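None of the figures in this text is laboratory data; all of them are computed from the coordinates on show. Since we're looking at a predicted model, the values are computed, not measured. Note that each Cβ is placed from the backbone with ideal geometry, even for glycine, and that neighbours are counted across all protein chains shown.
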Amino acid sequence: MSAALRGVGLGRVYASGAGEVHACTDVDIEVSEGELVVVRGASGAGKTTLLNLLGGLDRPTTGTVWFDDIDATAQGEDALAALRRERLGFVFQSFGLIPILSAAENVELPLRIAGTPAAERDARVADALRLVGLADHAAQRPGELSGGQQQRVGIARAIVGRPRVLIADEPTAQLDSRTAAAVIDLVGDLVHGEGLAAVVATHDPLVVQRADRVVELHDGRVTGRS
Ligand SMILES: Nc1ncnc2c1ncn2[C@@H]1O[C@H](COP(=O)(O)OP(=O)(O)OP(=O)(O)O)[C@@H](O)[C@H]1O
Ligand SMILES: [Mg+2]
């Protein structure tokens, strides 16, 4: 079976005031359905850069990103955005929820953008909130939820479009260790129960423990795999 998401020979060079920054150099990485791959590395190692390349949020200087057998790097902006919407869900360190919308409305947003009919939106939002254990909190706004609950809303929003791949950049960094464990257990359940493929960047040993595979980054290069 081919990988749901694959990066081959990925490089990203940023032009900055201080000269060129090689944030990512010759990285090969892949993730298949039912697999949780962790990208680990110190601050500045290139984790966010790599996830942005894999998620089609940024373009590599060298190398190729494959969504299944589709060359994402060869797509124009509109086609790439459509592929991202269909196939990928993103979870962010700072949750990225809209404060004036309820949990359910936040989760519904990607479906509205995709033009999903209202009845189907309602059913899918209810499913996603149930999967993350927040069925009873649908009407609350982010400010009325705990950090862990907010991140679970973030995960519900990421999976409501039924993506094959979840990309999460330090999803537990703002959470205490007990809440972080609950959030990462949820991601593990989605991966191993629902067959999602997940790539998670983290420093968190709890997340690393639950990984099927770990890719170690240092100065933008892969320095270890386990
Ligand atoms: N837009 C940019 N322009 C120039 N340099 C950048 C840019 N974004 C990141 N960098 C540099 O690229 C390198 C990798 O950054 P990146 O954000 O990918 O690291 P990270 O592993 O995610 O770090 P952290 O754990 O702190 O989030 C760093 O040296 C950073 O300064
Ligand atoms: Mg980062």
ask   = What shape does region 125-176 have by the C-alpha gyration tensor, where a ≥ b ≥ c are the square roots of the eigenvalues, rounded means a/c under 1.5, and otherwise prolate means a/b greater than b/c and oblate the rest?
value = oblate
remark   = Fewest-first ordering of Leu190, Leu101, Leu54, Leu196 by Cβ atoms within 10 Å yields Leu101, Leu190, Leu196, Leu54
query = What is the magnitude of the charge dipole of region 110-158 about its Cα centre, with +1 placed on the Cβ of each Lys and Arg, -1 on the Cβ of each Asp and Glu, and no other charges, expressed in debye to the nearest 20?
reply = 140 debye
message = Quick query: amide H of Cys24 versus all other amide H atoms, modeled in the peptide plane; which residues come in under 5 Å with a sequence gap of 5 or more or a different chain?
response = Arg12
inquiry  = Using the Karplus curve 6.51 cos²θ - 1.76 cosθ + 1.60 with θ = phi - 60°, what ³J(HN,Hα) values do you get for each residue of region 172-177, in whole Hz, with x for Gly and Pro?
reply    = 10, 4, 9, 10, 5, 5
key: Table column - 3J(HN,Hα) (Hz), region 199-211, Karplus curve with 6.51, -1.76, 1.60, x for Gly and Pro   = 10, 10, 8, 6, 9, 6, x, 4, 6, 4, 4, 8, 6
query = Any idea what angle helix 103-114 forms with the longest principal axis of the chain, computed on alpha-carbon atoms, 0 to 90 degrees, nearest 10?
reply = 60 degrees
ask   = Where both partners of a DSSP beta bridge lie in the chain, what percent of those bridges are antiparallel, to the nearest 5?
value = 55 percent
task = Please turn the phi angles of region 183-191 into ³J(HN,Hα) values with the Karplus equation 6.51 cos²θ - 1.76 cosθ + 1.60 (θ = phi - 60°), one per residue in order, whole Hz, x for glycine and proline.
result = 5, 6, 4, 4, 4, x, 5, 5, 5
Rounded, prolate or oblate (a/c below 1.5 giving rounded, otherwise prolate when a/b exceeds b/c) for region 94-137 by Cα gyration tensor = oblate
inquiry  = For a test of the definition: using alpha carbon positions, the gyration tensor, and the 1.5 limit on a/c, classify region 44-106 as rounded, prolate or oblate.
reply    = oblate
task = Collect residues whose amide H, placed 1.01 Å from N in the peptide plane, falls under 5 Å from the amide H of Leu5; neighbours closer than 5 in sequence don't count.
result = Val31, Asp68
ask   = What residues have an amide H closer than 5 Å to that of Val214, excluding those fewer than 5 places away on the same chain, when H is modeled at 1.01 Å from N in the peptide plane?
value = Val38, Ser226
